Amino acid sequence: MMAKKIELPNITKNKKQVKGNAVTYQGNPLIQSRKYFNSIGTRLFILGLMGLNPHLSKNDKFFDEEFPLIRISTSELTRLFGHTEYLSMLESECEKLFNSSIKLNYTDGGWELMHIFDVMKYVPKEGLYIQFDQKMKPHLLELVKGNYTAVNIEQIFKLTSTYAVRLIELCLQYRNMTKGNVIERKLTMENLRFYLNVPD
């Protein structure tokens, strides 16, 4: 299987260059889930989203029916970790991310834990290969029913805090309910702790 190559967005004040999709999409249940990510895990997750071409409308002719294998090159991994000695950090960060889960809460009081990735594989001189778990398809690929949120990479990739990324996602979910140019969303402290994965 050919792997999709994804590169980090290179964002400056005057120009944005993104290889891969400039906009990522997540089903709203995933936006409102608890994600057990640190900042590196968040960025790897976003890079994975950049390699997806989800089914968004009935008019779509070309979309991913299955999750592609996505390659993040060694040069991009160096940029992500900020130094050339990334290998010692990469393995432990990937292990944490691969073993992490996402928790979905349901309105009836039920909940579900889901694994995120099916494959995470590092090949020297090639990079990191990642592929999402098939159970994530309703939340990342099969979005034709319209219950999803679009997030522009420029809006989130320059952020260094996982909390900031999550707050942007939660606000953008309410983009269609703006008052003027202001997005307003009211959250209880309990919900905010859940969404941001903040310990009680």
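The values are calculated or read from the model by the stated rules, or taken from the named source; none is laboratory data. Keep in mind the model is a prediction, meaning the values are calculated, not measured. Using ideal geometry, Cβ is built from the backbone for each residue, glycine included, and neighbour counts are taken over all protein chains shown. Heavy atoms of the whole protein, side chains included, go into the accessibility calculation; ligands, DNA and RNA do not. Shrake-Rupley method; radii C 1.70, N 1.55, O 1.52, S 1.80 Å.
Taken as a whole, the structure leaves Tyr106 outside the set of residues that are over 22 Å from Asn191 (Cα atoms) and either hydroxyl-bearing (Ser, Thr, Tyr) or at pLDDT 85 or above (or both).
The one condition from (1) outside any loop (DSSP other than H, G, I, E, B); (2) under 21 Å from the mean Cα position of the chain (by Cα); (3) loosely packed, with under 14 Cβ neighbours inside 10 Å that Glu190 does not meet is (2).
Please enumerate the residues belonging to segment 154-179 that are of a type outside the set (Val, Ile, Thr), more than 13 Å from Ile31 (Cβ to Cβ) and open to solvent by 70 Å² or more (accessible area, probe 1.4 Å).
First, the residues of segment 154-179 that are of a type outside the set (Val, Ile, Thr): 154-155, 157-159, 161, 163-164, 166-167, 169-177, 179.
Next, only the ones that are more than 13 Å from Ile31 (Cβ to Cβ) stay: 154-155, 157-159, 161, 163-164, 176-177, 179.
Residues satisfying the conditions are Gln155, Lys158, Tyr163, Asn176, Met177, Lys179.
Rundown of residues vs (1) in contact with a His (Cβ under 9 Å, 6 or more places away or on another chain); (2) in a strand (DSSP E or B); (3) more than 23 Å from Arg193 (Cβ to Cβ), yes/no style:
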position	(1), (2), (3)
Glu93	no, no, yes
Leu97	no, no, no
Asp108	no, no, no
Asp118	no, yes, yes
Lys121	no, yes, yes
Lys125	no, no, yes
Ile130	no, yes, yes
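Residues that are modelled with pLDDT under 85 and under 13 Å from the mean Cα position of the chain (by Cα): find the helices (runs of 4 or more DSSP H) completely inside segment 26-82 holding 2 or more of those. Outline the logic, then answer.
Values: elements: 28-31, 39-50, 74-81.
The qualifying helices (runs of 4 or more DSSP H) are 39-50.
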